[in-house]
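Engineer: Quick one: the structure is below, and I'll ask about it shortly.
The values are calculated or read from the model by the stated rules, or taken from the named source; none is laboratory data. Bear in mind the structure is a predicted one, so any value in this text is a computation, not a measurement. Cβ placement follows ideal geometry from the backbone for every residue including glycine, while neighbour counts extend to all protein chains displayed.
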Amino acid sequence: IGPVPVVLAHAVIVAGADPVELTARANAFEAALGTATRYRADALTSVARECTPPYDEARLLAVLAEQLARVVPPREHHPEHTHHGSA
């Protein structure tokens, strides 16, 4: 913004969902919002699509959870609090 470089960094791991269906739903959402933003199905894949058979979704999710737990610090969870104050 201005002379300061800005980076929008994000990632989504698509484990077992159909990339074509996800793209169609995202495009329908953008259309409902009245935006011109559209996404390309060929720019998205899923881990399941790229895995060598046999694909085991439960094992994949367990491995992803293990790996992410190593790099993402744990957050404290306080169910009695919401974003708007105490529940």
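Engineer: How many residues are closer than 13 Å to ASP18 by Cα and in a loop (DSSP other than H, G, I, E, B) when one looks only at the range 41-65?
Structural biologist: 3
Engineer: On to the next question. Pick out the one residue from ALA9, ALA36, ALA15 that is loosely packed, with under 10 Cβ neighbours inside 10 Å, assigned to a loop (DSSP other than H, G, I, E, B) and modelled with pLDDT under 85.
Structural biologist: Working: ALA36 fails: modelled with pLDDT under 85; ALA15 fails: loosely packed, with under 10 Cβ neighbours inside 10 Å.
The unique qualifying residue is ALA9.
Engineer: Let me ask something else. Could you tell me whether the range 63-82 includes any residue that is more than 16 Å from the chain's Cα centre (by Cα), closer than 26 Å to PHE29 by Cβ and modelled with pLDDT under 85?
Structural biologist: The answer is yes; a qualifying residue exists.
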